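Notes for the one structure printed next.
The values are calculated or read from the model by the stated rules, or taken from the named source; none is laboratory data. No experiment lies behind these values; they were computed from the predicted model shown. Using ideal geometry, Cβ is built from the backbone for each residue, glycine included, and neighbour counts are taken over all protein chains shown.
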Amino acid sequence: MKEREFERVVELESRKLAREDNRQIVIETQKEVEKNNNTIANLINNKLHEHNIKSFDIVGAIGAGKTAILEKITDRLAQKFKILVICGDITTRVDADRIQKKNVDTIQINTGRECALNAYYINKVINNIDLCKYNIIFIENVGNLICPAEFLLGMDKRIIVVSTTEGEWVVEKHPLLFKMSEIAIINKIDLVERLETDLDKMVNDAKEINPNIEVILTSTKTDEGIEDLIKKLNLK
Ligand SMILES: Nc1nc2c(ncn2[C@@H]2O[C@H](COP(=O)(O)OP(=O)(O)OP(=O)(O)O)[C@@H](O)[C@H]2O)c(=O)[nH]1
Ligand SMILES: [Mg+2]
């Protein structure tokens, strides 16, 4: 799609997405938001492909270790690739500051009352940066296992992160995001004996919900699984 046409469609879609009125309209708009969100997400994805950028949307429970995993993988990849990390958080830029220490560019998006990033936010970022500077984009979504399911962000792959501390039922309780993800990370496996979490159940549940999902067990404390995760990103 030509640059100007792209801008026009996104502008139109974005305006619809931003519309908010009374409660009745909000409900109607939420459906509209989902529809238009995916249109914008597709446009974002096309634009990233035009620039040969590989992209990943990391979702997961609060405190499951999304930022810790990003710190580990950017630390290993920063010498070889030009990386941008976009972090979503309600109010702070704590996560972006942590990742920036690994010598990669970061952008923090504060969502205020919203419990997930959406394609509209990401589109704003994409339109304001020089995409030629990057070959990988990671997005860390706001920590929760429900809202991000509604909003695709135009990334190539979605990675879901849960950890042993959330208990062995966390996968079966949140099937939608596991269905929508290509890679599932079960983090904090260094704690599994102490917590007596049934790791096999978590792995089996993920596979049952989505037989195509790659499940990787990691610990950012012992580095177990981190190299395996990097291989599965298929970056070459
Ligand atoms: N034991 C253990 N602790 C971990 C591991 N990974 C992360 N943590 C700890 O878990 C806490 C939360 O980690 P974060 O990386 O901030 O988690 P997050 O998912 O980014 O959290 P939010 O962005 O707030 O949702 C920190 O205290 C980390 O040190 C792990 O593999 N093992
Ligand atoms: Mg984080």
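Computed quantities for the displayed model
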read-out: Sole exception among (1) among the basic types (K, R); (2) closer than 30 Å to K80 by Cβ; (3) surrounded by fewer than 20 Cβ atoms within 10 Å (Cβ to Cβ) for R194, by number; value: (2)
read-out: Any hit, region 126-135, residues being within 11 Å of ligand 1 (Cβ to nearest atom) and either among the charged types (D, E, K, R) or outside any loop (DSSP other than H, G, I, E, B) (or both); value: no
read-out: Members of region 52-68 found to be within 16 Å of L153 (Cβ to Cβ) and not hydrophobic (A, V, I, L, M, F, W, C), listed by number; value: K54, S55, D57, G60, K66
read-out: Residue, surrounded by the most Cβ atoms within 10 Å (Cβ to Cβ), within region 71-101, restricted to residues that are within 12 Å of ligand 2 (Cβ to nearest atom) and assigned to a loop (DSSP other than H, G, I, E, B); value: R93
read-out: Qualifying positions in region 159-191 - polar (S, T, N, Q) and either within 16 Å of ligand 2 (Cβ to nearest atom) or under 29 Å from E50 (Cβ atoms) (or both); value: S163, T165, S181, N187
read-out: Unmet criterion (only one of (1) touching a residue at least 12 places away in the same chain (Cβ under 8 Å); (2) within 21 Å of I99 (Cβ to Cβ)) for D130; value: (1)
read-out: Among (1) touching a residue at least 24 places away in the same chain (Cβ under 8 Å); (2) surrounded by fewer than 21 Cβ atoms within 10 Å (Cβ to Cβ) - the single one G112 does not satisfy; value: (1)
read-out: Close pairs from region 209-236: first free of Cβ contacts under 8 Å to residues at least 24 places away in the same chain, partner among the hydroxyl-bearing types (S, T, Y), Cβ under 9 Å, at least 6 apart; value: D228/T218
read-out: Number of the exception - G154 against (1) at pLDDT below 90; (2) at positive phi; value: (1)
read-out: Failed item in (1) touching an Asp or Glu at 6+ places or on another chain (Cβ under 6 Å); (2) outside any strand (DSSP E or B), with Y121 passing the rest; value: (1)
read-out: In region 71-93, the residues that are within 13 Å of ligand 1 (Cβ to nearest atom) and free of Cβ contacts under 8 Å to residues at least 24 places away in the same chain; value: T91, T92, R93
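Yes/no matrix, rows are residues, columns are (1) buried (at least 16 other Cβ atoms within 10 Å of the Cβ); (2) at pLDDT 90 or above; (3) over 13 Å from the mean Cα position of the chain (by Cα):
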residue: D57; (1), (2), (3): yes, yes, no
residue: A61; (1), (2), (3): yes, yes, no
residue: G65; (1), (2), (3): yes, yes, no
residue: I107; (1), (2), (3): yes, yes, yes
residue: N128; (1), (2), (3): no, no, yes
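Results for (1) modelled with pLDDT under 95; (2) surrounded by fewer than 18 Cβ atoms within 10 Å (Cβ to Cβ); (3) closer than 27 Å to R76 by Cα, shown as yes or no for each residue.
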{"site": "G167", "(1), (2), (3)": "no, yes, no"}
{"site": "S219", "(1), (2), (3)": "no, no, yes"}
{"site": "T222", "(1), (2), (3)": "no, yes, yes"}
{"site": "E227", "(1), (2), (3)": "no, yes, yes"}
{"site": "K232", "(1), (2), (3)": "no, yes, yes"}
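Per-residue answers, yes or no, for (1) of a type outside the set (D, E, K, R); (2) out of contact with any Leu (no Cβ under 9 Å at 6 or more places or on another chain); (3) free of Cβ contacts under 8 Å to residues at least 12 places away in the same chain; (4) away from ligand 2 (no atom under 16 Å from the Cβ):
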site	(1), (2), (3), (4)
L117	yes, no, no, no
Y120	yes, no, no, yes
N123	yes, no, no, yes
F138	yes, no, no, no
G143	yes, yes, no, no
A149	yes, no, no, yes
L152	yes, yes, no, yes
K157	no, no, no, yes
